[in-house]
Amino acid sequence: MAPRIGVVVFPGSNCEHDVVSALDQAGARAELVWHGATDLSGFDGVVVPGGFAHGDYLRPGAIARFSPVMAAVGELARSGRPVLGICNGFQVLTEAGLLPGALQKNRGLRFICDTVEVEVVSSRSVLTRDVAPGTVLRLPINHFEGNYTCDDETLTRLVAEDRVVLRYVDNPNGSTGDIAGVCNEAGNVVGLMPHPERATEELLGSADGLPVLTSFVAASAASAAVTA
Amino acid sequence: MPDPTQSNEPLHRALGLTDEERDRIEEILGRPPNDLETSLYSVMWSEHCSYKSSRIHLGRLPTEGPHVLVGPGENAGVIDAGDGIAVAIRIESHNHPSAIEPTQGAATGVGGILRDIFTMGARPIAVMDPLFFGPPDDARQRWLIEGVVAGISGYGNSVGVPTVGGELTFDECYAQNPLVNVLCLGVLPVERLVLGRATGSGNLAVLLGSSTGRDGIGGVSVLASAGFDGGGAPDEDKRPSVQVGDPYEEKRLIEACLDLLDAGLVVGIQDLGGAGLVCATSETAARGGMGMDVDVSAVPRREPGMVPAEVMTSESQERMLAIVRPDDLDAVLDVCRRWEVRAAVVGTVTDPTGEEPGHLVVRESAGGPVVGDVPAASLSDDAPRYRRPLARPADLDRRLADDPARLPAPPDCGADLLALLCDPSWVYRQYDHQLFRNTVEGPGGDAALLRLAGPGLPPSRRGLALATDSDPRRCALDPRGGTAAVVAEAALNVACVGARPAAVVNCLNFGNPEHPEVMWQLSEAIDGMAEACLALGIPVVGGNVSLYNESGGRDIDPTPVVGMLGLVDVLERRPPGVGLAEGGTVIVLTVPGAPAPSLAASRWAVELHDHRDGTPTPVDLDGHRRMVELVGDLVARGVGGGEPLLSGVHDVSGGGLGVALAEMAVRSGVGLQVSGVAGHAELFGENPSVVVACTAHPDEVAALAGAAGIEARVLGRAGGERIVVEGLVDVTVAEATAAWRDRLPSHLDDLSVAPD
């Protein structure tokens, strides 16, 4: 049965409808979840979508981490179910301490909207478990604060533990280690700056987002089977 | 803005009203207006709000069509796109604010146009920005460009509406008076369409969104309806008349308003833009044939000590006025609470008394004494209309006679070609152009192509095409023919992505209407637009007029900007786009009997030789209509899911055939070898109604062209790593790509952004 995936909506989110529609295309039953929700136990997975949660006031994700839903997202993550943060969602997950590192302003100090190549580095994560390492995907990016940064120790550990999920082929924003996406130790919480939901059919210029979203949906279905 | 208390000048003059206009107010009221009432009339009768110089001419535009649901005069034009879906579209200028404070000026331009669209019940799904600056080799221009682009990017991206295209024009005439036009398109289920009307006596006027401050007071009058004095930094003292935008407030306002409309909780709704609360209350009341009783003390303020005139005319951003039945008020407040949107009841809809029209009544406390009382409709309907004098410029004949054909032929056409290439992606890479998963063809091509889809819409296989165009240099020489050519080019642009032109919106950017030459240009431009729209069968569904674009007494070139909406019946495959395919045949499509290409008003003559004169080739509207239909059909076949006939297509515009061919090469990385181009005039001349196509089916394309009454001539073949026009040009695709790609960054990257 298609897994039930929640897509969190903060005031200021703007990719929530896109993510719902792409997840449905990838075989899920996706639905919007308001940021005031405190119980996500009925969901097999959750996505924190892109946008400007709470206007990105102070800095991206800094206020969103205090929204009531984030405690429930944390519980879901600890229960081993898949959690995905896309773009602003990635920023929120780092601010919430669910993923290491931080996203700072792009090198060059300009917003970048483009389609770039990223390489799948690890199949350890729920986002890439069905995609072979070395696969190069063409995915849209759309951010001002997409420059991934972390201390050297964290970087060493991320690499050693195979937690760098995606790398830019040609680094557009100055990210440390060309990192476009990382996961937690268990591999069930993933954040990435590119937008796979914007690349699900050739009509839009690329269908390369579909394999990773399908992988995430399959992981959610598997977690549903485990908890059932 | 001038402080009226510090001057001996009468208040009405300080606020921009003439003595005659002030007398007219006294006549309407039957008594002298008080200071508050004078303020209300001064903003509502400003050029910006009242169109007092242009209105008598605008009536000549064709506005009807079977698919037009709402024509000009409302907040946005609306057409029926089929499948139960309507499309709302509008274009506006934010020129004067952007000249003074580029980032906030441009940002609030985006915010304002979005409100015009969701006021109609539509969700905004696309923005386009035609921008005009002085040449970028100057520090102040770079500051303006950086600021405007940052303002559009910062606001548009954050509010969550993709910017899918625009235009970028550099010319000396915009150095002191840049133009920032913003077009917005929205979609809605047909049944959600609402109009800005206040009906039902006793219904409540609820102000939604931001608190009200002193920002933007007099924006429409002292700022937008007067020229700049000139000098290095124009009119710094007008900066307080520029508003400040907050995209996060706007985003919540959009979602709250669309929820209110979906739930059927509002009777009418209107945005607060230019002229603020007085405009929203008087216009909704007048349209509904009612009056309105407003209590300014109920308006949430962001600063103390504001007098009623300030509250009524403030242009604080991100505010809407909803007309609500009293029984629905609690439900309205619940929706607003969810979206963290402030809501306050500030007025009540009132009946007209007897034969009298409805009045706008202003009080300083609930049920307190009346501090202002004017007939609501008089603020808009009784605004003066001027038949200003027109005069053809005295030097025009001399200019028309000085043709650039007399310029010497370039020693190296290849070098000139490289000098004319410019990739605008430095600008649009800063705009989110992909949100909503609708963008099939984004910025950089002839037109944007979008799926007709959005949250809450019925499913559809249709598509929307959108293009903006202008040609100020041609319009300076021939405003009538130039404007017709702009409409024609915009129609051809949407045809290049497989669409049928369906509606026009226009933004008429002109100089000082008190100059008879400017009024002549405006009148001619409107006639040219009417002729082209009639000949091509496209209604005008909305527009905006921006006058007083002058600085130091110098008017800008007449700059009518056209936004063209096109419809695609079936959108299943990407259009061929601006490109070439290895081994394809390169064909040029022209109207039979067209004159030889003219260099008059061409980018080659103006940008490389500073020669602005000559007689441009007029557009043959009948032939052009056949061209638009042919190209639309050729492209639509593939877009609709059939076997694609073309592998690349591009209309010939700025820079002529040479630039069109080079752009196709650099955008695809495929070279070409063509012959039969007689000389530099044919290479760089800019005749209307010319299209280049690349195809693997040349015989079929030629047959279809012949049947459509269009001439198809084989120019050569695509392929290889060089761009070769026999006898004229031989450059590598790599060097052309570098010239094209590096032009803007060479001016705009890694430089100080502060003006001196």
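As a fraction of the 1.4 Å probe accessible area of the protein assembly as shown, surface on carbon and sulfur atoms comes out at 50 percent. In the range B:535-673, taking the dipole from charged Cβ atoms about the Cα centre, the farthest positive-side position among B:Leu599, B:Val670, B:His609 is held by B:Val670. Given R0 = 41 Å, the distance between the Cβ atoms of B:Asp334 and B:Arg392 translates into a calculated FRET efficiency of 0.10.
Hey, got the dipole for the range B:636-737? About the Cα centre, +1 on K and R Cβ, -1 on D and E Cβ, debye to the nearest 20? Mind dumping the intermediate values first?
Working: 5 positive and 12 negative charges, 28 e Å.
Charge dipole, the range B:636-737, about its Cα centre: 140 debye, nearest 20.
Helical content alone sets the calculated 222 nm signal of chain B at -10000 deg cm²/dmol, taking -39,500 (n - 2.57) per DSSP H segment of four or more residues and averaging over every residue.
With a Förster radius of 22 Å, plug the Cβ-Cβ distance of B:Glu582 and B:Glu711 into 1/(1 + (r/R0)^6) and report the FRET value to the nearest 0.05. Using R0 = 22 Å, I get an efficiency of 0.25. The gain in end-to-end length when the B:Glu9 to B:Glu303 segment is fully stretched comes to 103.1 nm, 0.36 nm per residue minus the alpha carbon separation. Between chain A and chain B, the total buried accessible area stands at approximately 2800 Å², from heavy atoms with a 1.4 Å probe.
Distance between the 7 Å Cα→Cβ label points at A:Arg78 and A:Glu161: 1.7 nm. Surface calculation, 1.4 Å probe, protein heavy atoms: B:Ile85 sits at approximately 0 Å² accessible. What do you get for the angle between helix B:656-668 and the principal long axis of chain B? Use alpha-carbon atoms, 0 to 90 degrees, nearest ten. That works out to roughly 90 degrees. With θ taken as phi - 60° and the Karplus curve 6.51 cos²θ - 1.76 cosθ + 1.60 applied, the whole-hertz 3J(HN,Hα) list for the range B:611-621 is 9, 9, 9, x, 10, x, 6, x, 7, 8, 5 Hz, x standing for glycine and proline. The alpha carbon gyration tensor of the range A:4-227 gives principal lengths a ≥ b ≥ c with a/c below 1.5, which makes the shape rounded. The heavy atoms of A:Ser79 offer some 60 square angstrom of accessible surface to a 1.4 angstrom probe. Peptide packing for B:590-597, B:375-382, B:243-250, B:111-118 was compared via the average number of neighbouring C-beta atoms within 10 Å per residue; ordered from the highest value, the list is B:111-118, B:243-250, B:375-382, B:590-597.
Extension gain, B:Ile56-B:Asp19: 0.36 nm per intervening residue step, less the Cα-Cα distance, totals 11.1 nm. With the simple model of a label 7 Å out from the Cα in the direction of the Cβ, A:Ala132 to B:Asp351 spans 8.0 nm.
Only residues of the range A:30-61 count here: report those whose backbone N is under 13 Å from the spot 7 Å along Cα→Cβ of B:Asp262, or say none. Flagged as within label range: A:32-34. For helix B:19-29, what angle does its Cα long axis make with the longest principal axis of chain B, in degrees from 0 to 90 and rounded to 10? Computed tilt is about 50 degrees.
Taking square-rooted eigenvalues a ≥ b ≥ c of the alpha carbon gyration tensor, is the protein assembly as shown rounded, prolate or oblate, where a/c under 1.5 means rounded and, failing that, a/b exceeding b/c means prolate? Taking the square roots of the gyration eigenvalues as a ≥ b ≥ c, the protein assembly as shown is oblate. Ranking B:Asp397, B:Asp527, B:Asp171 from most to least accessible surface, computed with a 1.4 Å probe over the protein chains only, gives B:Asp397, B:Asp527, B:Asp171.
Taking the Cα centre of the range A:95-154 as reference, the dipole from Cβ charges on Lys and Arg (+1) and Asp and Glu (-1) amounts to some 200 debye.
Which FRET efficiency value, to the nearest 0.05, is calculated for A:Asp170 and B:Asp742 with the Förster distance at 22 angstrom and r the Cβ-Cβ distance? All intermediate terms of the calculation are to be shown ahead of the outcome.
Working: r = 17 Å, r/R0 = 0.79.
The computed FRET efficiency comes out at 0.80.
Look at the stretch B:420-432: the mean tally of other chain Cβ atoms within 10 Å of its residues' Cβ atoms is 2.
Heavy-atom accessible area, probed at 1.4 angstrom with all protein chains present, ranks B:Glu524, B:Glu531 as B:Glu531, B:Glu524, highest first. Ordering A:Pro60, B:Gly727, A:Ala218 by Cα displacement along the dipole of the protein assembly as shown toward the positive end leaves A:Ala218 in first place; charges were set at the Cβ atoms of Lys, Arg (+1) and Asp, Glu (-1). Averaged per residue, the range B:291-392 has 45 square angstrom of accessible surface, using a 1.4 angstrom probe with ligands and nucleic acids left out. Inter-chain neighbour count for A:106-113: the average number of beta-carbon atoms from partner chains within 10 Å of each residue's beta-carbon is 5. Once you reduce the range B:286-323 and the range A:185-228 to the center of their Cα atoms, the two points are 48 Å from each other.
Ranking A:Phe10, A:Phe66 from most to least accessible surface, computed with a 1.4 Å probe over the protein chains only, gives A:Phe66, A:Phe10. Under the convention that each Lys and Arg Cβ holds +1 and each Asp and Glu Cβ holds -1, the size of the dipole of the protein assembly as shown around its Cα centre is about 1680 debye. For the peptide B:147-157, the mean number of other protein chain Cβ atoms found within 10 angstrom of a residue's Cβ is 2.
Using a simple spin-label model with pseudo-atoms 7 Å out from Cα toward Cβ, B:Asp622 and B:Ala703 lie 2.8 nm apart. Look at the Cα gyration tensor of the range A:90-190: its axes a ≥ b ≥ c give a/c of at least 1.5 with a/b at or below b/c, and that counts as oblate.
Measuring only protein heavy atoms, the 1.4 Å probe finds B:Glu146 accessible over about 30 Å². How far is helix B:698-707 tilted off the main Cα axis of chain B, in degrees rounded to 10, range 0 to 90? Value to nearest ten degrees: 60.
The values are calculated or read from the model by the stated rules, or taken from the named source; none is laboratory data. This one's a predicted model, so the numbers in the text were calculated from it and none came from an experiment. A quick note on method: Cβ atoms are made from the backbone with ideal geometry, for glycine too, and the neighbour counts reach across all protein chains shown. Ligands, DNA and RNA are stripped out before the accessible areas are found, and what is left, the full protein with its side chains, is counted by its heavy atoms. Shrake-Rupley method; radii C 1.70, N 1.55, O 1.52, S 1.80 Å.
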